[in-house]
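The values are calculated or read from the model by the stated rules, or taken from the named source; none is laboratory data. The structure presented is a predicted model; accordingly, all values stated were derived computationally and were not measured. A quick note on method: Cβ atoms are made from the backbone with ideal geometry, for glycine too, and the neighbour counts reach across all protein chains shown.
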Amino acid sequence: MKSIDYILSNKQRYLDELFELLRIPSVSADKKFSGDIRKAAEFIRDKFNEAGVDSVEIHETDGNPVVYAEKILDKTLPTVLVYGHYDVQPADPYELWDSPPFEPVIKDDRIYARGACDDKGQMYMHVKAFEAMIKHDELPCNVKFMIEGEEEVGSEHLGDFVKANKEKLAADVILVSDTSILSNDCPSITVGLRGLSYIEVEVTGPNRDLHSGIYGGAVGNPINTLCDMVSQLIDDKGHITVPGFYDKVQDLSEADRAAMAKAPFDIEMYKKELDIDDVKGEEGFSTLERVGIRPTLDVNGIWGGYIGEGAKTVLPSKAYAKISCRLVPNQDHEEITELVARHLEKIAPKHVKVKVTPLHGGQAAVIPTDSKGYRAASQAFEKAWGKTPIPMRDGGSIPIVGLFQDVLGLDSILLGFGLDQDAIHSPNESYGVFNYMKGIETITWFYQFFAKK
Ligand code: BES
Ligand code: MN
Ligand code: MN
């Protein structure tokens with residue numbers, strides 16, 4: 001295909017443009033970057049225009065803008081709706097980066113920058129695949145693009161946009177590159193994402209910080225108490241103790257579990273890469289199962305009291321924790337948030353008060369493999385990588401995928417190209433140049449197979 005030759009010969013420019021986007025610190029979690037959020041949206045709008053869309057607009061929402069573009073060739077042809085996000089996670093802690101997070105560099109054929117993989121690198125592959133097909137008249141169907149700026153904070157306003165624009169977004173399939181593959185030797189297609197319930201807990205003891213000598217031993221310490229409460233949430237078998245937590249969890253059949261166990265996974269490599277001597281999790285489940293099909297409860301941060309230099313003898317008034325649960329199919333995130341909140345209130349001893357604030361959430365999703373979209377993705381991998389991808393359930397969450405199923409009645413094909421070693425959300429996030437270029441090729445092939453009668 002001419003598009004493929006074009007992609008290969010435009011490698012340097014494709015990288016240069018991505019670098020330009022990576023230089024914009026479009027962090028959605030922190031208001032101080034809102035100017036950069038806009039800059040990133042404008043950059044993408046301009047690139048869609050240059051690539052040859054019919055129309056592109058920056059759609060304002062109550063949060064960050066959505067970039068929407070489309071190319072309609074013929075209403076009787078199938079339509080692909082591409083979703084991606086241009087916002088990134090905060091780059092903190094900056095001092096742990098070997099090179100500044102918003103000054104991309106290539107080292108050992110990897111692009112280092114915040115967002116290199118998640119999701120600027122993966123999202124931009126779609127813009128470039130589209131450009132290549134348009135240039136050579138090889139786009140075989142209609143395409144719509146919806147690129148948002150709030151994925152990393154829960155996609156709250158994108159949900160409103162989707163509900164209000166069902167007709168505009170009408171399509172035959174949704175295509176998303178925002179997940180990973182098992183390895184470059186063994187590509188995979190994500191067929192499951194976990195849901196999420198995220199809360200913040202505030203535990204209050206006495207009405208002010210106290211002298212820990214005058215009061216210590218007689219007044220409950222909210223940090224000690226919060227730790228106590230948190231430690232009760234998981235038992236020694238790795239089970240979450242919140243009543244009702246597992247009630248709706250979908251159990252996999254033995255056949256499905258056996259199929260999952262076939263995925264090549266090297267536990268020794270896994271431990272070595274993380275520099276841990278042992279793994280830990282729910283009894284009776286393998287590591288891949290613990291991540292792919294089981295729910296979790298984790299403290300993401302815990303704080304309170306004095307954390308400055310030296311020692312201060314204080315019995316603090318307040319303690320805080322951010323707690324998230326990863327959810328699996330059939331668990332409802334609002335219900336789980338409720339269960340966890342009520343349980344924390346219930347186990348709180350009388351000497352403290354507990355306040356729980358929900359932060360965000362999303363439903364889990366499972367993608368069937370017997371669809372035209374899945375088959376096209378599988379064929380695209382075969383063509384570009386010479387290998388049949390295996391279906392895999394991922395542990396991460398993309399909250400909007402569940403909403404797409406509910407509101408638009410459409411499954412998302414999760415055609416991601418990241419690797420665990422890309423360290424998304426961590427310092428020194430990176431993305432392989434190979435994966436970036438192969439991804440663009442694979443996407444191009446996806447369209448060819450999907451549009452075939
Ligand atoms: N792209 C990730 C999700 C992901 C990564 C899924 C790798 C599967 C494999 C996405 O940007 C992400 O980080 N999502 C958040 C959820 C959000 C509500 C903050 C997550 O999973 O923590
Ligand atoms: Mn992402
Ligand atoms: Mn992310």
Those strands (runs of 3 or more DSSP E) completely within the range 386-453 that have 3 or more residues that are among the small types (Gly, Ala, Ser) and either over 20 Å from the mean Cα position of the chain (by Cα) or outside the structural domain of Phe19 (by TED's automatic domain parsing) (or both) are none
When restricted to Pro389, Pro349, the only residue at pLDDT 95 or above and surrounded by fewer than 16 Cβ atoms within 10 Å (Cβ to Cβ) is Pro349
Filtering the range 320-334 down to residues that are surrounded by fewer than 16 Cβ atoms within 10 Å (Cβ to Cβ) and under 25 Å from His157 (Cβ atoms) yields Glu334
Counting only helices (runs of 4 or more DSSP H) wholly inside the range 1-117, the ones holding at least 3 residues that are within 16 Å of ligand 2 (Cβ to nearest atom) are 11-22, 34-51
Result of the Cβ filter at 6 Å on the range 299-328, keeping first residues that are at positive phi and partners that are acidic (Asp, Glu), at least 6 apart or interchain, is none
When restricted to Thr313, Thr296, Thr357, the only residue surrounded by 14 or more Cβ atoms within 10 Å (Cβ to Cβ), of a type in the set (S, T, N, Q) and at pLDDT 95 or above is Thr296
In the range 360-374, anything more than 26 Å from Lys248 (Cα to Cα) and either at pLDDT below 95 or buried (at least 24 other Cβ atoms within 10 Å of the Cβ) (or both) is listed as Gly373
The condition of being away from ligand 3 (no atom under 13 Å from the Cβ), assigned by TED's automatic domain parsing to the domain that holds Tyr6 and surrounded by fewer than 24 Cβ atoms within 10 Å (Cβ to Cβ) holds, among Val80, Val162, only for Val162
Residue hits (the range 385-422; within 13 Å of ligand 2 (Cβ to nearest atom), acidic (Asp, Glu) and touching a Gly at 6+ places or on another chain (Cβ under 7 Å)) are Asp394
Of (1) within 16 Å of ligand 2 (Cβ to nearest atom); (2) part of a helix (DSSP H, G or I); (3) surrounded by 23 or more Cβ atoms within 10 Å (Cβ to Cβ), Ala377 satisfies every one except (1)
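For every residue, the table says whether it meets (1) surrounded by fewer than 19 Cβ atoms within 10 Å (Cβ to Cβ); (2) more than 16 Å from ligand 3 (Cβ to nearest atom); (3) over 17 Å from the mean Cα position of the chain (by Cα).
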| site | (1), (2), (3) |
| --- | --- |
| Cys117 | no, no, no |
| His126 | no, yes, yes |
| Asp137 | yes, yes, yes |
| Asn142 | no, yes, yes |
| Gly149 | no, no, no |
Residue set Leu21, Leu8, Leu81, Leu96; condition closer than 21 Å to Phe434 by Cα and within 23 Å of the chain's Cα centre (by Cα); output residue Leu21
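If the requirement is being among the charged types (D, E, K, R) and under 16 Å from Glu17 (Cβ atoms), which of these qualifies: Asp87, Asp108, Asp119, Asp98? I'd like the intermediate steps shown before the answer.
Working: Asp87 fails: under 16 Å from Glu17 (Cβ atoms); Asp108 fails: under 16 Å from Glu17 (Cβ atoms); Asp98 fails: under 16 Å from Glu17 (Cβ atoms).
Checking each option against the conditions leaves just Asp119.
May I ask you to list the residues in the range 207-233 that are in a helix (DSSP H, G or I) and more than 28 Å from His343 (Cβ to Cβ)? Break it down into steps so the answer makes sense when it comes.
To start, the set of residues in the range 207-233 that are in a helix (DSSP H, G or I) comprises 222-231.
Of everything in the range 207-233, nothing turns out to be in a helix (DSSP H, G or I) and more than 28 Å from His343 (Cβ to Cβ).
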